[in-house]
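I have placed the structure first, in the form of structure tokens, so that the comments after it can refer back to it.
Derivation of every value follows stated rules applied to the coordinates shown; laboratory data play no part. Just so it is clear, the model here is predicted, and its values are computed rather than measured. Here Cβ is always computed from backbone atoms with ideal geometry, including for glycine, and neighbour counts include all displayed protein chains.
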Amino acid sequence: MSTQWVLGPSFVMAFVIGLYLVMSYWMPRLTRPDVYFAVTVPPEFRDSAEGCSILKRYRVEVTIFGVLALLIVLAGMRIPEPGYLTAVTLTGLFLQVVGVFLAYYRARGRVLPHAAAPATVREAALVPRDARLPGGWVLQLPPFALLAATAIWLHLHWGQIPEVFPVHWRANGQVDNWATRSFAGVYSPLLIGTVLCALMGFSAYAMLRWSRLIRVGGAAGEGERRFRRVVVSILVATEYFIALVFMWTGLLPLSHKQTGPPGFIPMLVFALAFTVVTVALMIWVGQGGTRLVGSAAAASGGVAPVGDRTSDKYWKLGLIYINRSDPALFVEKRFGIGYTLNFGHPGVWIFLAALVAVVVAIIFVVPSHHHP
Amino acid sequence: MPNELPVLQIDLASLLPASEQIVRGLRATLLAGRFRPGDQLPSVRQLAVDLGVHHNTVAGAYRQLAEEGWLELRRGRGATVIERPAPAPTPRAEAEFRKRLEELVVKALAEGVPSGAVSGELAVLAAKLQEGELAKSRAGLMPSTEN
């Protein structure tokens, strides 16, 4: 048994927990200055004594849960049985997710009495929107071309693919799932990759087209436009990342290595580096580009706080937006960076239904793995 | 188009219907000469998303401005600004304007606004009108560069 394979998943999970701890610790300071723990407040509230006290308590709680989760995962490294190791590792992550939610929920409860009605003024630029993706449609082609080229390569080398080949490995590097040399067995990773790439590309386009700017003019408006470009660029980069991962997965049938997927470590390092860069970019811009222009510019807007120009009553727990009268498909997250769906829009449900249909179709296409 | 980005603002809490606010805001922007004939306005759906109103509200506003001769609406091409010759004022329109202005002045005086302040404001408005600045100040122009 390889030590590297036993410890690998635990280190990855410890890394994920550490990153999640950093993000959850800083998140209240990354959101809009007048949206605190998903509640619209006067912009000066978060720097008040009460605002700082709420933040301090929240940070203590998320740190405790993060460190606890980390200890559980690190302790799990001593467990030799991979099955238990996975269970313990997931328990650590689950504990952290629940802990962060509870800390958020308690903080939000303390902020709610200080809620302020957001400004009811909305503004729009009177020019047609530029909904071109970064790099245009030309930059959309390479991910699909990579997957198509992989499919052609597999077709040309069909004879070299074993009748049965490994597709999944346990934490100790031993194979626990296999696929047969069939159309579905060989090409299904590429099919899934294609669907995911299309999903990312469509999401990027939809965000450009069906999300609204909170501020249009001045530095705040410029910051928001840059923020939207950054978010959309990350989605396009994710498209490339997915294409590479599924190209690598798609080529596994040609590998005859039995102990662990070939090239796993470089792929893992690449994935972790991609995640770190993405998180760093998000922290740099802040929600809605507010950190690019400064809190004062982001919050200034008259007597009432601008907030995100949505009413608190349409937010469930400050996390889920449901507003039937809002034609926007995407709105800014209140506690997080980026956009979330408007679940009151029929189009969102049609999109989700289509997504589920695709997932179900893939499940039927992908052959059931067996142990030879 | 100049560097300044024309911006439309509406107040969802206003007693004035959103459609009427859009008509007034757009008309003021058009009067200010912010668009040239042939310029495209945002699509109905885009403006509805940006303002958070139903697309029928925006469509109704665009239709009214098209009926007034400001816009041309074509399926698939959206709203295009067109050349609009200044209409000849009718005696009825002038009488209506005079009547509403008098009512407004009387109401302000009745509410205690000093007559000097009223005449001062009227003088400022008259000066702005002479300089062509009145429509611009009503159009909600904001400096920016569009994406």
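Across region B:109-115, coupling constants 3J(HN,Hα) worked out from phi with the 6.51/-1.76/1.60 Karplus curve, θ = phi - 60°, read 5, 5, 8, x, 5, x, 4 Hz, and Gly and Pro carry x. Pairs of Cα atoms nearer than 8 Å and 6+ residues apart set the relative contact order; for region A:1-119 it is 37 percent.
Using Cα pairs under 8 angstrom and six or more residues apart, how large is the relative contact order of chain B, in percent? For chain B, the relative contact order is 38 percent. Taking B:GLY60, B:GLY78, B:GLY120 in turn, the Gaussian network model of chain B (Cα-Cα springs below 10 Å) assigns the largest fluctuation to B:GLY120. Note that region B:10-17 has calculated 3J(HN,Hα) couplings of 9, 10, 5, 8, 5, 6, 6, x Hz, one per residue in order, obtained from phi through the Karplus relation 6.51 cos²θ - 1.76 cosθ + 1.60 (θ = phi - 60°); glycine and proline are x.
For A:267-278, what's the mean count of beta carbons from other chains sitting within 10 Å of each residue's beta carbon? Numbers along the way, then the final one.
Values: counts 0, 0, 0, 0, 0, 0, 0, 0, 0, 0, 0, 0.
Mean partner shielding for this stretch: 0.
For chain B, modelled as a GNM whose springs connect Cα atoms under 10 angstrom apart, the maximal fluctuation among B:GLN21, B:GLN130, B:GLN46 occurs at B:GLN130.
Beta carbons within 10 angstrom, averaged per residue: use that to sort the peptides B:97-108, A:241-252, highest first. It would help to have the intermediate numbers written out before the result.
Working: B:97-108: 11.3, A:241-252: 19.8.
Output ranking for B:97-108, A:241-252: A:241-252, B:97-108.
Kindly identify chain A as rounded, prolate or oblate by the Cα gyration tensor criterion: order the square roots of the eigenvalues as a ≥ b ≥ c, call it rounded if a/c is under 1.5, otherwise compare a/b with b/c, prolate if a/b is larger, else oblate. Before the final figure, lay out each step's value.
Details: a/c = 2.45, a/b = 1.50, b/c = 1.63.
Oblate, because a/c is 1.5 or more while a/b does not exceed b/c.
Taking each residue as 0.36 nm, the span from B:LEU15 to B:VAL113 lengthens on full extension beyond its C-alpha to C-alpha distance by 32.9 nm. Annotation: amide H-H contacts under 5 Å for A:TYR36 (H modelled 1.01 Å from N, sequence separation of 5 or more, or interchain): A:VAL41.
Simple point charges give the picture: +1 on the Cβ of Lys and Arg, -1 on the Cβ of Asp and Glu, and for region A:91-250 a dipole about the Cα centre of about 760 debye. Relative contact order, whole percent, for chain A stands at 24, derived from Cα pairs under 8 Å and 6 or more residues apart. What's the longest bit of chain A with no exposed trypsin sites (Lys or Arg not before Pro), using DSSP loop states and at most 16 other Cβ atoms within 10 Å as the test? Result, exposed sites excluded: A:1-77.
Across peptide B:11-23, the average count of Cβ atoms from other chains found within 10 Å of a residue's Cβ is 2.
Which whole number gives the average, over all residues in A:116-124, of C-beta atoms from other chains lying within 10 Å of the residue C-beta? Don't skip to the answer; put the middle values down first.
Working: counts 0, 1, 0, 3, 5, 6, 11, 9, 17.
That works out to 6 on average.
Computed from backbone phi with θ = phi - 60° and the Karplus coefficients 6.51, -1.76 and 1.60, the 3J(HN,Hα) list for region B:58-66 is 5, 4, x, 5, 4, 4, 4, 5, 5 Hz; x is used for glycine and proline. Ordering A:LEU19, A:TYR58, A:PHE101 by the projection of their Cα atoms onto the charge dipole of region A:1-119, which places +1 on the Cβ of Lys and Arg and -1 on the Cβ of Asp and Glu, puts A:TYR58 at the extreme positive end.
Between A:VAL175 and A:ARG170, A:GLY260, the built amide H atoms are under 5 Å apart, and every one of these is 5 or more places off in sequence or on another chain. Close amide H partners of A:HIS345, meaning residues 5 or more places away or on another chain with modelled amide H under 5 Å apart, are A:ASN323.
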